[in-house]
Amino acid sequence: MQKFSGLSLFAKAFSSHKGWEPQWRSPEPKAAYDVVIVGAGGHGLATAYYLAKEHGITNVAVIEKGWLGGGNTGRNTTIIRSNYLFEESAALYDHAVKLWEGLSRDLNYNVMYSPRGVLMLAHNVHDVQSFKRHVHANRIAGVDNEWLSAEECKAFCPPLNIAPGMRYPVLGGALQRRGGTARHDAVAWGYARAASARGVDIIQNCEVTAIRRGPDGAVQGVETSRGFIGAPKIGVVAAGNTSVVMAMAGVRMPLESYPLQALVSEPIKPVFPCVVMSNTIHAYISQSDKGELVIGAGTDAYTSYTQRGGLHIATHTLDAICELFPQFRRMRMLRNWGGIVDVTPDRSPILAKTPVAGLYVNCGWGTGGFKATPGSGNVFAHTIARDEPHPINAPFTIERFRDGVLIDEAAAAAVAH
Ligand SMILES: Cc1cc2nc3c(=O)[nH]c(=O)nc-3n(C[C@H](O)[C@H](O)[C@H](O)COP(=O)(O)OP(=O)(O)OC[C@H]3O[C@@H](n4cnc5c(N)ncnc54)[C@H](O)[C@@H]3O)c2cc1C
């Protein structure tokens, strides 16, 4: 693998950027692998990387129907935080934050992790009570989260409007200083490059169309648009399409799929120092390194597989953004897009073995799985390699919806970015 360093960048800059090698291999699929991962998003690629790095399993294929990172990984607003209410969730997401902190060095690829702080605004008494509860629960669990008054929110994020009498008054906020953003494309590319260097085959433009099971019910491999590929272990990491892929093995998932959308403004000079989220309004905003304001909206109210959202959802979000940050009122929006998110009844993910031998599933991240990418891949690789969950993902089973052992972040937050 071509190593990146300050010196190599400098040398390439002075030789007209000639001689850069492809960052990952694009091999023809082999007849069989030890493990097949369906879906080359961040989670699938991270799973393959940790299978190779931490478990020595390198005979792995990641099969992607489009191009790698072209699903939700390349469509999200990149908010990273771990201040979830329940201990199970905080442990999972904080495992990811700890990996984010060293990820660029681990992958030798700059994923631009930027812990600039995530501020979650409270607009009513319920928000205040709920966020203070989160702050206390997080502190007990050893996860950083602090309560700020409205004035302290303004000091942390100067463009914020805290004038009284607004439709969405700011009563305070919960701040996680280790929260922030990372560059989504770089995360996919960094994991792809590092996994490929360890022997993982990344097969793009190859759709999984069926999952073949043997007489004993165990998986035997996947039918794809490029032929059959055998594997005794299959990990489905196909956010947005999980129900469709799992149905190929006869497994019905407790998921609903919704469009979720985002948009960016024209680029401007740095004015926005942090990430601000408002769960009540369902608007969130940060500024990218290119200068664009990156704005996230809510899910549509109905299930769909169209990768676009309703216009009224975006305009509602922009109304709220304009009230919270009046100086952005005259800005023009450049692009909007959508992705399909798989949502579980308790708004927590499923990272687990399934009733089918050799079949594993990583899904249900809803509107907030980007932040979990390294931690999710790390514990899912463990689950596949050892055929048993890592202690961190042990609670995130499919069976919890049968047994009632929910991790109810839905009731806790109503949003999970
Ligand atoms: C608009 C938007 C904003 C978001 N904002 C945030 C945020 O701020 N913070 C946050 O933490 N999360 C956010 N999310 C959620 C986050 O993007 C996802 O949870 C996360 O990226 C899921 O990653 P993944 O690798 O599981 O899925 P994906 O990146 O979607 O990868 C799944 C892949 O599977 C492939 N696939 C599907 N079916 C098949 C098949 N049959 N054969 C082969 N391949 C297949 C798809 O093509 C896709 O590339 C947002 C999502 C959206 C849409």
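When the residues of region 110-132 are filtered to those that are in contact (Cβ under 8 Å) with a residue 60 or more places away in the chain and in a helix (DSSP H, G or I), the one that is nearest to residue 168 (Cα to Cα) is 127.
Residue pairs whose Cβ atoms lie under 7 Å apart, sitting 6 or more positions apart in sequence or on different chains, and linking a residue in region 64-83 that is under 22 Å from residue 95 (Cα atoms) to a partner that is near the ligand (Cβ under 6 Å from one of its atoms) and among the charged types (D, E, K, R), are 79/371; 80/371; 81/371.
Filtering region 115-134 to residues that are polar (S, T, N, Q) and buried (at least 19 other Cβ atoms within 10 Å of the Cβ) leaves only 130. Right, residue 358: assigned by the TED database to the domain that holds residue 276 and buried (at least 17 other Cβ atoms within 10 Å of the Cβ) or not? No: the conditions fail for residue 358. For region 136-252, the helices (runs of 4 or more DSSP H) that sit wholly inside it and include 1 or more residues that are farther than 30 Å from residue 125 by Cβ and among the polar types (S, T, N, Q) are 184-197, 242-247.
Which numbered condition trips up residue 271, out of (1) touching a Leu at 6+ places or on another chain (Cβ under 8 Å); (2) aliphatic (A, V, I, L, M); (3) open to solvent by 50 Å² or more (accessible area, probe 1.4 Å)? Only one criterion in (1) touching a Leu at 6+ places or on another chain (Cβ under 8 Å); (2) aliphatic (A, V, I, L, M); (3) open to solvent by 50 Å² or more (accessible area, probe 1.4 Å) is unmet by residue 271, namely (1). When residue 268 is tested against the conditions (1) among the hydrophobic types (A, V, I, L, M, F, W, C); (2) within 23 Å of the chain's Cα centre (by Cα); (3) farther than 24 Å from residue 69 by Cβ, the lone failure is (2). Looking at region 277-289, is at least one residue within 12 Å of the ligand (Cβ to nearest atom), of a type in the set (Phe, Trp, Tyr), under 23 Å from residue 127 (Cα atoms) and open to solvent by less than 70 Å² (accessible area, probe 1.4 Å)? Within region 277-289 (the criterion being within 12 Å of the ligand (Cβ to nearest atom), of a type in the set (Phe, Trp, Tyr), under 23 Å from residue 127 (Cα atoms) and open to solvent by less than 70 Å² (accessible area, probe 1.4 Å)), the answer is yes, since at least one residue qualifies. Residues in region 278-319 that are closer than 12 Å to residue 336 by Cβ and among the β-branched types (Val, Ile, Thr): 294, 295, 313, 315, 317. Taking residues in region 197-210 that are at pLDDT 95 or above, and partners anywhere that are of a type in the set (Ser, Thr, Tyr) and near the ligand (Cβ under 10 Å from one of its atoms), the pairs with Cβ atoms closer than 6 Å and at least 6 places apart or on different chains are 206/224; 206/225; 207/225; 208/224.
Within region 373-391, the presence of a residue that is of a type in the set (S, T, N, Q), surrounded by 22 or more Cβ atoms within 10 Å (Cβ to Cβ) and modelled with pLDDT under 95 is excluded.
Selection over region 190-228 of residues that are open to solvent by less than 70 Å² (accessible area, probe 1.4 Å) and under 30 Å from residue 105 (Cβ atoms) gives a count of 14.
The values are calculated or read from the model by the stated rules, or taken from the named source; none is laboratory data. Remember, it's a predicted structure, so these values are computed and weren't measured experimentally. Cβ atoms come from the backbone with ideal geometry, glycine included; neighbour counts cover every protein chain shown. Calculation scope for accessible area: heavy atoms of the full protein, side chains included, ligands and nucleic acids excluded. Shrake-Rupley method; radii C 1.70, N 1.55, O 1.52, S 1.80 Å.
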